[in-house]
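Down below is the structure, laid out as structure tokens.
The values are calculated or read from the model by the stated rules, or taken from the named source; none is laboratory data. All figures in this text were calculated on a predicted structure; none of them were measured in a lab. Neighbour counts are summed over all protein chains in view; Cβ atoms, including those assigned to glycine, are modelled from backbone coordinates with ideal geometry.
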Amino acid sequence: MAAVGRTHRVRWGVVNVVVVLYALFPVWWIAALSFKDPATLTDGDYIPRDWTWENYSGIFDTSEFTRALVNSIGIALIATVIAVALGTMAAYAVARLRFPGKRVLIGMSLLIAMFPPISLVSPLFNIERIIGIFDTWIGLIIPYMTFSLPLAIYTLSAFFREIPWDLEKAAKVDGATPAQAFRMVIVPLAAPGVFTTAILVFIFCWNDFLFAISLTSTESARTVPAAIAFFTGSSQFQQPTGSIAAAAAVITIPIIIFVLFFQRRIVAGLTSGAVKG
Amino acid sequence: MAEIILEKVTKRFPDGALAVKDVDLAIADGEFVILVGPSGCGKSTTLNMIAGLEDITHGSLRIGDRVVNDLAPKERDVAMVFQSYALYPHMSVRENMGFPLRLAKVDKGTINAKVEEAARILDLTDHLDRKPANLSGGQRQRVAMGRAIVRDPKAFLMDEPLSNLDAKLRVQMRTQISRLQRRLGTTTVYVTHDQTEAMTLGDRVVVMRQGLVQQVGTPAELYDHPRNLFVAGFIGSPAMNFLNATLEDGALRSPLGDLSLDDRMRQVLERRNAPREVIVGLRPEAFEDASLSRDRDRGGMFRGGPERPVFTATVDVLESLGSDVYIYFTAEGGPAKTAELEELATDSGLRDTGAEAGQIVARLDAATRAREGHPVELQIDMSKAHVFDPATGENLTHPDSTG
Amino acid sequence: MSMQAEPAGAPPPPEAEQVRQGKAAISAGARQERRLGWLLCAPAVLVMLAVTAYPIGYAVYLSLQRYDLRFPGQADFVGLSNYGAVLSSSFWWDAFWVTLFITAVSVAIELVLGMGLALVMHRTIFTRGVVRTSVLVPYGIVTVVAAFSWQYAWTPDLGYLAELLPEGEAPLTERWSALWIIILAEVWKTTPFMALLLLAGLALVPEETLKAAMVDGATAWQRFTRIMVPLMKPAILVALLFRTLDAFRIFDNIYVLTQGAQDTGSLSILGYDNLFTALNLGIGSAISVLIFICVAIIAFTFIKLFGAAAPGAEVKR
């Protein structure tokens, strides 16, 4: 029995190692690139021979990157806050209240979840130029929060459905006003769901590239993914590989942090709406 | 502590469905009243109306000397125990139990003292700082009770508080609730669908069906003198046997043979203009092993006669409980069928067993010599028989109707 | 991510007990509840309408114009001629087939790989956390970053994968090898998402049912095809629908890896180029509208074919 158990463990161990390598190797590769100096950049090694922070100090010296980083953080945070706020209201209604038109709302958010963003790029480009929000934070926040609203509504309403609403009744009988019942009982229970949703929405906004390159033209609102694509080397003959790798590593940090600390919640959030249907 | 008076209380839902109709009920101070009935009968809606969780469409509800129709739950000063317990998962046991007091802005010292006291009564002292998720089902149930008793409210409202427990624990908790209620003397309204719980717990039991009160009475009254077919069939386990019978020449012509009636019954049925076709109801203990009673009679007074008709049945199944023996047999012509009885069959799950519902059950003395597959001679005590009108379901032999 | 509609329009059952459970708001009549529901949904609905419905209408309007940003003075209504120009151009059809090819191949691979990954995550007991955590990295990482990683991996004299190839090969400059690299990048990035959706489906297959099948003599493969797949069908269809629509809009990976060179451009790349390289709003908008129609057709087909399993419909078991 022990022998069978061991081969079993070894087999699963191998499978797990393969999966982990599959998932992490490309990330490791670009991180390794970011620590190589120009001389060893092309050696193809998986571990840098001479570690250097040169690429990092290089990108943080340019406003091109620092400005983009500020834009990315600011735009993603604001869009997340708004989307989660609007999404929470709608999801509460979907999960808790009876009202005609609920199906329309669900159908509409589904439609938007499937919407090809490229179809909106041309009209939004023109509209934003006309009303003067092209190449501004607002110009990106608006499409981001719109496209993440369905995600927010789905995830949140799945979470809200899990809350035992008997508790609200119990609180009322225990002497709470409706406001107290909401604040002292429902909010603490809903908070984890709202937080998880915020992470998912943030990742979504953080990731966007198409809107970022289409609706900006200067550093004033360009986010990191778009800025990276426009990186040029410090001289005409030098590839910006090191800088791109460093910038890529920097914007991967928040994702790694989320994944490390909130793995369980992210999995729950991603799958909650999906299968409970 | 206070009395609770319901006058013509009616609940109609926005979609027009009538959930509760004209309920009149006066619950005395300190009384333990059970609302019982199959699911959908309106018992929980009634309880929610008393709690203030559900609007009252018509009628008036008084708790103590105040009409509370329009008061929020918070102002009614009642405590409720939910079927799901509704413990706040983010609060410890201590915080859960102290929550109502905290809302009432009671000072911390008092809260602590009251919580400790309640925990002591309910044997929760060791668990005060745990979260509900780390408690067993029985402990959670006790926390829910604790949250209700710390407030010293005017009334306890309990919505199937034991139905999430396993059978053994349920019996234990039942006794504990009963003891607690007697000790605190707080008016209690308790909802259940389990007639055994209703019979063992309550001072009085309210049987409901389809939003209407069927009968209010002590457990013994409901058992011995059910007002109608529904109550007769709902109360008692195993349930009362119902047979179609024809009233002819002062006797009931039934699948078990001719059952003669005594003078009292005959007069009552006459006065009430009983129809020709009736339903006769016999509880399992109305039957007796005829050979046993003959043995006994030899030593004493003769007890046979026209009021104790005898017939022979073949035992299909025999269940021995040690103290008693239940025998199941089939009667020609099958059992009676009415809407009420159909509903009861569905509710009790009999429908789901796929069993032929034509069986009659009799409870015999353990000394019986009845054996499976063999005939047995049975005697019926007609003084325990009930006669129902199949059209209205009314019990024609109910003592109130004799006068 | 689908969402379940509660029996919204359906009249509540007559039994009072059941009605009671759906109700909780006290003293709030149905009308009040309805008003609150509308009020809470209104902001989300308004935002979604303002930012999608209105612009798509505007895109239709623009697509009927001759509107070249280099010659703004010549804007004029030209009817459907932009559509004619797009649909008769080989650029459109090349991009269309490329998109379809990438979509079909990558979704097919993802389904197989994702199912494998889901089974691994489902069965692994120890190190489950490690596996799940690392699998989330491709999902969360910025697509552009991943695309650069792949680009550098395949760049001659730089990358580890290019080193495996004969000297002088530059796979990203050849059409077919470039397409496969794009598919590789797409599969790597999105398989975890597929796997997580399938994993959630797997969790719904009762362990006892599988044991019963084992006792009934089913082999592992039979248990998989006869028990697990049918029970997971709703989850599989939801995952397929979402991934298909998502793959059809592929943009970031191609933009970074090839910029659409050597006929590797997808429809989204084509639309982008017409807008921002050719600066032709009329043609660009016509492409946008056509892509929208393609997506609508895909979604409609899925929902029609698999009706009950469509997200939004009740996927109840």
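Taking the criterion of being more than 7 Å from every other protein chain (Cβ to nearest Cβ) and at pLDDT below 90, would at least one residue in segment A:118-126 satisfy it?
No, segment A:118-126 contains no residue that is more than 7 Å from every other protein chain (Cβ to nearest Cβ) and at pLDDT below 90.
Can you confirm whether residue A:78 is farther than 25 Å from residue C:271 by Cα and either in contact with a Lys or Arg (Cβ under 9 Å, 6 or more places away or on another chain) or part of a helix (DSSP H, G or I) (or both)?
Criteria met by residue A:78.
Could you grab me the full set of residues in segment B:357-377 that are surrounded by 13 or more Cβ atoms within 10 Å (Cβ to Cβ), closer than 16 Å to residue B:320 by Cα and of a type in the set (Asp, Glu)?
B:365, the sole residue that qualifies.
Hey, can you tell me all the residues within segment A:127-145 that are within 7 Å of chain C (Cβ to nearest Cβ) and in contact with a Phe, Trp or Tyr (Cβ under 9 Å, 6 or more places away or on another chain)?
Residues satisfying the conditions are A:127, A:143.
For residue C:268, only one of the following conditions fails: (1) part of a helix (DSSP H, G or I); (2) in contact (Cβ under 8 Å) with a residue 12 or more places away in the chain; (3) more than 7 Å from chain A (Cβ to nearest Cβ); (4) within 18 Å of the chain's Cα centre (by Cα). What is its number?
(3)
What helices (runs of 4 or more DSSP H) completely inside segment B:161-266 contain at least 1 residues that are closer than 30 Å to residue B:151 by Cα and free of Cβ contacts under 8 Å to residues at least 60 places away in the same chain?
Values: elements: B:167-184, B:195-201, B:219-224, B:229-234.
In segment B:161-266, the matching helices (runs of 4 or more DSSP H) lie at B:167-184, B:195-201, B:219-224.
If residue C:145 satisfies all but one of (1) outside any loop (DSSP other than H, G, I, E, B); (2) β-branched (Val, Ile, Thr); (3) surrounded by fewer than 22 Cβ atoms within 10 Å (Cβ to Cβ); (4) within 9 Å of chain A (Cβ to nearest Cβ), what's the number of the condition it fails?
Unmet for residue C:145, out of (1) outside any loop (DSSP other than H, G, I, E, B); (2) β-branched (Val, Ile, Thr); (3) surrounded by fewer than 22 Cβ atoms within 10 Å (Cβ to Cβ); (4) within 9 Å of chain A (Cβ to nearest Cβ): (3).
Which residue pairs have Cβ atoms under 6 Å apart, sit 6 or more places apart or on different chains, and have a first residue in segment A:1-23 that is modelled with pLDDT of 85 or more and a second that is part of a helix (DSSP H, G or I) and small (Gly, Ala, Ser)?
Close Cβ pairs satisfying both conditions: A:20/C:134; A:23/C:134.
I need the full set of residues from segment B:378-403 which are surrounded by fewer than 16 Cβ atoms within 10 Å (Cβ to Cβ) and over 22 Å from the mean Cα position of the chain (by Cα), in order please.
B:383, B:391, B:401, B:402, B:403
One residue is enough: does segment C:116-136 have a residue meeting the conditions buried (at least 17 other Cβ atoms within 10 Å of the Cβ), among the charged types (D, E, K, R) and within 12 Å of chain A (Cβ to nearest Cβ)?
Scanning segment C:116-136, I find at least one residue that is buried (at least 17 other Cβ atoms within 10 Å of the Cβ), among the charged types (D, E, K, R) and within 12 Å of chain A (Cβ to nearest Cβ), so the answer is yes.
Among the residues of segment B:118-129, which ones are of a type outside the set (A, V, I, L, M) and either buried (at least 19 other Cβ atoms within 10 Å of the Cβ) or in contact (Cβ under 8 Å) with a residue 12 or more places away in the chain (or both)?
Quick first cut of segment B:118-129, residues of a type outside the set (A, V, I, L, M) only: B:120, B:123, B:125-127, B:129.
Residues satisfying the conditions are B:123, B:127, B:129.
How about segment B:158-196: which of its residues are among the charged types (D, E, K, R) and surrounded by 23 or more Cβ atoms within 10 Å (Cβ to Cβ)? Before you say what the answer is, go through the steps one by one.
Looking only at segment B:158-196, we keep the residues that are among the charged types (D, E, K, R), and these are B:159-160, B:166, B:168, B:170, B:174, B:179, B:182-183, B:194.
Across segment B:158-196, the qualifying residue is only B:159.
Output the number of the condition that residue A:49 fails; it satisfies all remaining conditions of (1) touching a residue at least 40 places away in the same chain (Cβ under 8 Å); (2) touching a helix residue (DSSP H, G or I) at 6+ places or on another chain (Cβ under 9 Å); (3) not β-branched (Val, Ile, Thr).
The one condition residue A:49 does not meet is (1).
Based on this model, can you work out whether residue C:4 counts as surrounded by 20 or more Cβ atoms within 10 Å (Cβ to Cβ), modelled with pLDDT under 80 and of a type in the set (S, T, N, Q)?
yes
Tell me yes or no: at least one residue of segment B:7-25 is within 11 Å of another protein chain (Cβ to nearest Cβ), touching a residue at least 24 places away in the same chain (Cβ under 8 Å) and not in a strand (DSSP E or B). Before you say what the answer is, go through the steps one by one.
Step one: filter segment B:7-25 for residues within 11 Å of another protein chain (Cβ to nearest Cβ), giving B:11-21.
Pick out the ones that are also touching a residue at least 24 places away in the same chain (Cβ under 8 Å) and you get B:11-12, B:18-21.
From what's left, not in a strand (DSSP E or B): none.
So far as segment B:7-25 goes, no, none of its residues is within 11 Å of another protein chain (Cβ to nearest Cβ), touching a residue at least 24 places away in the same chain (Cβ under 8 Å) and not in a strand (DSSP E or B).
Looking at segment A:30-54 only, could you name the residues that are within 13 Å of another protein chain (Cβ to nearest Cβ) and either assigned to a helix (DSSP H, G or I) or of a type in the set (Lys, Arg) (or both)?
Correct list: A:30, A:31, A:32, A:33, A:34, A:36, A:41, A:42, A:43.
When you scan segment A:189-201, do you find a residue that is surrounded by fewer than 23 Cβ atoms within 10 Å (Cβ to Cβ), more than 13 Å from residue A:156 (Cβ to Cβ) and assigned by TED's automatic domain parsing to the domain that holds residue A:151, even just one?
Checked against the condition, which is being surrounded by fewer than 23 Cβ atoms within 10 Å (Cβ to Cβ), more than 13 Å from residue A:156 (Cβ to Cβ) and assigned by TED's automatic domain parsing to the domain that holds residue A:151, segment A:189-201 yields no hits at all.
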